[in-house]
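Comments concern the structure below.
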Amino acid sequence: MKKLTRIALAGALALMSSTVAHAAGEVNIYSYRQPELIKPLLDRFTKETGIATNVLFLDKGLVERIKAEGVNSPADVILTIDIQRLTEAKDGGVVQPVKDNALINKDIPASLRDADGEWFGLTTRGRVVYASKDRVAQSEITYEELADPKWKGKICIRDGQHAYNIALFASMIAHHGADYTQTWLTGLKNNLARKPDGNDRSQAKSIMAGECDISLGNTYYVGLMMTNDKAPEEKEWAKSIKVLFPNVKDRGTHVNVSGMALAKNSPNKANALKLMEFLASVEGQKIYAEQVFEYPVMTGAEPSAIVKSFGTIKPDTIALTEIAKHRKQASELVDKVGFNEGPSK
Ligand SMILES: [Fe+2]
């Protein structure tokens, strides 16, 4: 009865149950990731363990929802993307530590998980340069050179306040300090072809259209565009660009994560831990990374052939918690330099 109340609280209609016997119990997942992206992974988990999975997909307000549900929250595992949302879950007090689980902690590098065990990275995505195959000859690039006047009028980018850009800008502060980053952001802004606009994919479209030569974008969008049968025009956008991994000769390319956390009042904790162990396993990592065109965090698990075709990523190994510390300042600098107003006349 208690369980039913909990499920009802979560909004039974929003929960998508897998069709298996519930003999081994179930696990409730609150996810910022699209259900279709995680379905193959969850199906395999259920097949191996007999544990049914219920997914509540949210595109915002996940932390607020779990807070509002309080001790009766049915949430067991949180699946999300970006260091911003993982730290929000921790700071919001809706997760609990998993410190003593040898399996999970062994397989996930320390730089990609919370020191208190309150969140874990599962896959990484690089924030790379998309460059026009026709108009950009160079095969190497650095984030620093994006402020070089040689790129004047040639760069497209999405909103400077978007979490993906903020994390990158925060990593610049972590490596170079705030003063350097302010100057760098000003240089980057003045190299823009237009005001920041659109999403990562639409920058590739702009490159194909000749509006700009390079842009910043996440690696997985290239895989998603290349394979988008529903919107085949995106395949053309992807064909017009090549991926340049910034800073291969020094610190490496900025990466962010998708990740997981154990909900604070998890009613099915044993099953939740089994799922988390599966997500951190070689098998789970492979299925997940293949599906979402991301990089597995575990050495030994390979990315998909499409992702490999971009070249080899050398990830910046700075801890994500270090990057998270500078997010607020990065956001302030974006406003301070008027980044979203576009290039100065
Ligand atoms: Fe994304």
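Key figures for this structure:
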| quantity | calculated |
| --- | --- |
| Failed criterion for L185 (all others in (1) out of contact with any Leu (no Cβ under 7 Å at 6 or more places or on another chain); (2) touching a residue at least 40 places away in the same chain (Cβ under 8 Å) hold) | (1) |
| Selection within region 42-94 - within 16 Å of the ligand (Cβ to nearest atom), basic (K, R) and assigned to a helix (DSSP H, G or I) | R85 |
| Among (1) of a type in the set (D, E); (2) open to solvent by 30 Å² or more (accessible area, probe 1.4 Å); (3) under 29 Å from V136 (Cα atoms), the one test that E294 misses | (2) |
| Leading residue by the ranking (nearest to the ligand (Cβ to nearest atom)) among those in region 206-235 that are over 18 Å from F293 (Cα atoms) and not hydrophobic (A, V, I, L, M, F, W, C) | S215 |
| Check on G153, touching a residue at least 40 places away in the same chain (Cβ under 8 Å), more than 16 Å from V255 (Cβ to Cβ) and part of a loop (DSSP other than H, G, I, E, B) | yes |
| Leading residue by the ranking (farthest from the ligand (Cβ to nearest atom)) among those in region 187-205 that are out of contact with any helix residue (DSSP H, G or I) (no Cβ under 6 Å at 6 or more places or on another chain) and open to solvent by 10 Å² or more (accessible area, probe 1.4 Å) | N190 |
| Odd one out for Q329, checked against (1) open to solvent by 50 Å² or more (accessible area, probe 1.4 Å); (2) more than 30 Å from A178 (Cβ to Cβ); (3) part of a helix (DSSP H, G or I); (4) not small (G, A, S) | (2) |
| Filter result for A178 (over 22 Å from G311 (Cβ atoms), among the small types (G, A, S) and within 16 Å of the ligand (Cβ to nearest atom)) | no |
| From L320, L244, residue being of a type in the set (A, V, I, L, M), within 18 Å of the chain's Cα centre (by Cα) and within 23 Å of I141 (Cβ to Cβ) | L320 |
| Selected residue (criterion: surrounded by the fewest Cβ atoms within 10 Å (Cβ to Cβ)) from residues of region 111-134 that are in a strand (DSSP E or B) and away from the ligand (no atom under 16 Å from the Cβ) | S132 |
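Residues are listed down the side, and each one gets a yes or a no for (1) in contact with a strand residue (DSSP E or B) (Cβ under 9 Å, 6 or more places away or on another chain); (2) under 21 Å from D82 (Cβ atoms); (3) not small (G, A, S):
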residue	(1), (2), (3)
L262	yes, yes, yes
S266	yes, no, no
K274	yes, no, yes
I306	no, no, yes
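The values are calculated or read from the model by the stated rules, or taken from the named source; none is laboratory data. Small disclaimer: the values here were computed from a predicted structure and weren't measured. Note: ideal-geometry Cβ built from the backbone for every residue, glycine included; neighbour counts use all protein chains shown. Heads up: the accessible areas ignore ligands, DNA and RNA and are worked out on the full protein's heavy atoms, side chains in. Shrake-Rupley method; radii C 1.70, N 1.55, O 1.52, S 1.80 Å.
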